[in-house]
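Only the coordinates and a few stated rules stand behind these numbers; no lab work does. Since the model is a prediction, treat every value here as computed from it, not as a measurement. No Cβ is skipped: glycine too gets one built from the backbone with ideal geometry, and neighbour counts run over all protein chains shown.
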Amino acid sequence: MGYVDAHTHVVFKETITNEIINLIRSEWHVPLEMLLISIKEFVRILDDAEIDYIGIMAYPSRKIGIAKEDYALRVINAVREYADRFAVIGGVEANELTVEETKYWLDKQYEAGISAIKIHPPHMWLKPNAYRPEEGGLKQLELVYQFAEDHGLPVYIHTGTSAYSKARNKYGDPIFVDDVAVDFPRLTILMSHVGRPNWIPTAFQLVRIRRNIYAELSSIPPKRLLEYIPRLTEISDKSVYGSDYPWPGVYDIKANLKEFLNIQIPREDLIKIASDNPKKILKPLSRTR
């Protein structure tokens, strides 16, 4: 049995761009050599860590300086030889595109093989429920959720703060995700970071009461996870492990997983969170449609 790391920001020497290099130097503070590893070399690291596959974030954010909608295609093309080891999470910046452009990029990314869609409100400067009439009626965002629901793609929604200098953290409140869960009942929502650190009680309650919202635990240091979420076992059926590797503080994808597997909750809950649940929700590129 292997594990799944459902949330990483892995960049390979085959996929790195000048935009990403500039972002790393100005904001990320991760040694560049960590990101200049080949895909083949990284697969060996996954083997050693007993990780079956990982989710790679490849969503756009023009405000932050992250590559645009074609970056997901670049990543997919690069890792296709190892399609069973990677799930690529794409996305569109709905408040920067027309309706037609939104449709085009969703179709293009889906045809290429994305496994999920990412919405990052603090980086994109929009509320997750900005499609609602009372929140501005952004049709493009409604299209994203409709597309994901119709095509069986889970949607990651960042909740909680972001340390990026241009992030707008007012958009990180998980309460706005509640509308999405209600309006798109067939949509599987992965609530990234569970609102940490400011809004964990809100996020925890939403996971408990909304059938289609799951807790995605990345960026919380495993050794502090039970401080943040002391009642984690109550939502172990609806929680998914992620590391946020190689974000500062997460420099070893194997060590982070090992630390998680050593937290003091029943082994069966650990297996649900780090293997069973993510394998049900997030499929690698090799999935059969």
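Applying the selection to region 38-60, what residues are in a loop (DSSP other than H, G, I, E, B) and surrounded by 17 or more Cβ atoms within 10 Å (Cβ to Cβ)?
Ala58, Tyr59, Pro60
With (1) of a type outside the set (Lys, Arg); (2) at negative phi; (3) assigned to a helix (DSSP H, G or I) as the list, and Val194 as the residue in question, which single condition is left unmet?
Among (1) of a type outside the set (Lys, Arg); (2) at negative phi; (3) assigned to a helix (DSSP H, G or I), Val194 violates only (2).
Which one is nearest to the chain's Cα centre (by Cα), of the residues in region 123-136 that are over 13 Å from Val177 (Cα atoms) and without any contact (Cβ under 8 Å) to a residue 60 or more places away in the chain?
Here the residue is Gly136.
For Glu69, only one of the following conditions fails: (1) touching a residue at least 60 places away in the same chain (Cβ under 8 Å); (2) crowded, with 22+ Cβ neighbours inside 10 Å; (3) outside any helix (DSSP H, G or I). What is its number?
Just one mismatch for Glu69, condition (1).
Going through region 46-79 one residue at a time, which ones are hydroxyl-bearing (Ser, Thr, Tyr) and within 18 Å of Ile119 (Cβ to Cβ)?
Listed by number, the residues that qualify are Tyr59, Ser61, Tyr71.
Can you confirm whether region 88-101 contains a residue that is over 18 Å from the mean Cα position of the chain (by Cα) and under 21 Å from Leu36 (Cβ atoms)?
no
Quick check: anything in region 41-51 of a type in the set (Gly, Ala, Ser) and in contact with a strand residue (DSSP E or B) (Cβ under 7 Å, 6 or more places away or on another chain)?
No, that holds for no residue.
With the requirement that a residue be assigned to a loop (DSSP other than H, G, I, E, B) and either of a type outside the set (Lys, Arg) or surrounded by fewer than 19 Cβ atoms within 10 Å (Cβ to Cβ) (or both), what does region 266-289 give you?
Pro266, Leu282, Pro284, Leu285, Ser286, Arg287, Thr288, Arg289
Can you name the residue in region 171-212 that is touching a residue at least 24 places away in the same chain (Cβ under 8 Å) and among the polar types (S, T, N, Q) and, of all such residues, is surrounded by the most Cβ atoms within 10 Å (Cβ to Cβ)?
Ser192
Would you pick out the residues in region 213-230 that are part of a loop (DSSP other than H, G, I, E, B) and either touching a helix residue (DSSP H, G or I) at 6+ places or on another chain (Cβ under 7 Å) or closer than 10 Å to His7 by Cα (or both)?
Leu217, Ser218, Ser219, Ile220, Ile229
Please work out which residue is nearest to Ala78 (Cα to Cα), limiting yourself to region 95-129 and to residues that are surrounded by fewer than 23 Cβ atoms within 10 Å (Cβ to Cβ) and among the aliphatic types (A, V, I, L, M).
Here the residue is Ala112.
Considering only residues that are closer than 20 Å to Arg196 by Cβ, assigned to a loop (DSSP other than H, G, I, E, B) and of a type in the set (D, E, K, R), which ones fall in region 231-265?
Arg231, Asp244
Which is β-branched (Val, Ile, Thr) and under 29 Å from Gln146 (Cα atoms), of Ile253, Ile235?
Selected residue: Ile235, the only one of Ile253, Ile235 that is β-branched (Val, Ile, Thr) and under 29 Å from Gln146 (Cα atoms).
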